[in-house]
């Protein structure tokens with residue numbers, strides 16, 4: 001029998017799906033930046049591609065701690081370069097399927113890199129019967145917390 005953490009985490013990733021448009025936030029030298037990204041998701045891991053000459057790549061090289069935002073879901077994690085996109089056949093197949101114009105325009109470029117982000121913390125706001133609820137997933141600790149948000153009024 002699965003525990004609450006596993007059940008809730010699996011439910012969350014089912015809701016997110018296997019791809020998403022997401023805001024990726026990075027930081028370097030006390031400067032934060034954010035941009036929209038086309039993201040693939042598999043086995044609770046997030047994948048994006050980018051050009052290694054871009055600011056976000058340089059930020060990640062210096063500080064691999066990043067955050068993604070997909071709707072009301074915030075995902076913090078560690079990002080790493082895992083090679084050229086064309087070296088990962090499964091990524092290419094899925095990226096081409098979901099983001100064909102980006103695949104055709106960028107994936108073959110020499111400077112492109114495939115990045116993998118492993119979550120360390122996830123927070124989600126949801127509403128149950130009109131009541132705001134904050135869900136937190138502490139990945140390393142395998143801990144799920146749920147708390148009602150008390151609105152003033």
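The values are calculated or read from the model by the stated rules, or taken from the named source; none is laboratory data. Computed from a predicted model, the values in this text were never measured in an experiment. Because the Cβ atoms are built from the backbone with ideal geometry, glycine has one as well, and the counts that use them run over all protein chains shown.
Considering only residues of the stretch 30-72 that are outside any strand (DSSP E or B) and in contact (Cβ under 8 Å) with a residue 40 or more places away in the chain, which is farthest from residue 110 (Cα to Cα)? Ranking the candidates gives 72 first.
Can you pull out the residues in the stretch 1-39 that are over 14 Å from residue 119 (Cβ atoms), in contact with a helix residue (DSSP H, G or I) (Cβ under 8 Å, 6 or more places away or on another chain) and surrounded by 14 or more Cβ atoms within 10 Å (Cβ to Cβ)? Of everything in the stretch 1-39, those that are over 14 Å from residue 119 (Cβ atoms), in contact with a helix residue (DSSP H, G or I) (Cβ under 8 Å, 6 or more places away or on another chain) and surrounded by 14 or more Cβ atoms within 10 Å (Cβ to Cβ) turn out to be 19, 26, 27, 28, 38.
If you go through the stretch 94-113 and keep only what is in contact with a strand residue (DSSP E or B) (Cβ under 6 Å, 6 or more places away or on another chain) and over 23 Å from residue 25 (Cα atoms), you end up with just 94. Looking across the stretch 40-60 at every residue that is surrounded by 14 or more Cβ atoms within 10 Å (Cβ to Cβ) and under 30 Å from residue 7 (Cβ atoms), the one that is farthest from the chain's Cα centre (by Cα) is identified as 42.
Residues that are assigned to a loop (DSSP other than H, G, I, E, B) and touching a strand residue (DSSP E or B) at 6+ places or on another chain (Cβ under 8 Å) are absent from the stretch 114-122 altogether.
Here is a yes/no grid of residues against (1) under 13 Å from the mean Cα position of the chain (by Cα); (2) touching a residue at least 40 places away in the same chain (Cβ under 8 Å):
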residue	(1), (2)
74	yes, yes
88	no, no
97	no, no
102	no, yes
128	no, no
149	no, no
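Among the residues making up the stretch 110-132, a single one is surrounded by 14 or more Cβ atoms within 10 Å (Cβ to Cβ), at pLDDT 95 or above and over 22 Å from residue 65 (Cβ atoms): 112.
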